[in-house]
Structures are given as C-alpha cells and as structure tokens.
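Reading through the structure tokens given below for one structure.
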C-alpha cells in the first residue's frame, strides 16, 4: 500500500488528467493544442532546471575558489 504522500500525488495527477479530458470534451479543445501546451510546459521546466543547475555549479565554483 502506498504511503499518504504518494497517494495524494497520484490523486492530484489523476484529477489533472480528468480536468484536461473534460476541457477537451466539453470545450471542444483540440488535442493538438493540449499536446503543444504540454510540450511547451515541459521545455520551460527543463530550461528552469538547467538554469538552476548552472547557478548551483557557479555558486559551488565560487565557494571553492579562494
């Protein structure tokens, strides 16, 4: 049995998927747009992670340098 935080994460993901499915069905939102937005969000998230890793490496380098 999954612990409480894992279950709440799974329920949140399922709720998000249900909302997107409801938007596609009830608002006649094209699936193409949904996939485009998902890809765009993933790219932005990847860029944010890369920038954070770069700043972390820079801070680590500056702390080691004396």
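Look at the range 1-27: where a residue is under 16 Å from residue 37 (Cα atoms) and a partner is in a helix (DSSP H, G or I), sitting 6+ places away or on another chain with Cβ atoms under 7 Å, you get 20/34; 24/31; 24/34.
With respect to (1) part of a helix (DSSP H, G or I); (2) at pLDDT below 90; (3) loosely packed, with under 10 Cβ neighbours inside 10 Å, the lone exception for residue 2 is condition (1).
Selection of first residues in the range 31-58 that are free of Cβ contacts under 8 Å to residues at least 60 places away in the same chain and of second residues that are part of a helix (DSSP H, G or I) and surrounded by 10 or more Cβ atoms within 10 Å (Cβ to Cβ), restricted to Cβ pairs under 7 Å at least 6 apart or on distinct chains, gives the following pairs, ordered by first then second residue: 31/24; 34/20; 34/24. Scanning the range 16-30 for residues that are part of a helix (DSSP H, G or I) and surrounded by fewer than 10 Cβ atoms within 10 Å (Cβ to Cβ) gives 25, 26.
Scanning the range 33-50 finds one or more residues that are in contact with a helix residue (DSSP H, G or I) (Cβ under 8 Å, 6 or more places away or on another chain), surrounded by 10 or more Cβ atoms within 10 Å (Cβ to Cβ) and assigned to a helix (DSSP H, G or I). Residues of the range 56-66 that are assigned to a helix (DSSP H, G or I) and exposed (fewer than 10 other Cβ atoms within 10 Å of the Cβ): 61, 62, 63, 64.
The values are calculated or read from the model by the stated rules, or taken from the named source; none is laboratory data. The structure displayed is predicted, hence computed values, not measured ones. As a convention, Cβ positions derive from the backbone with ideal geometry for all residues, glycine included, and neighbour counts pool all protein chains shown.
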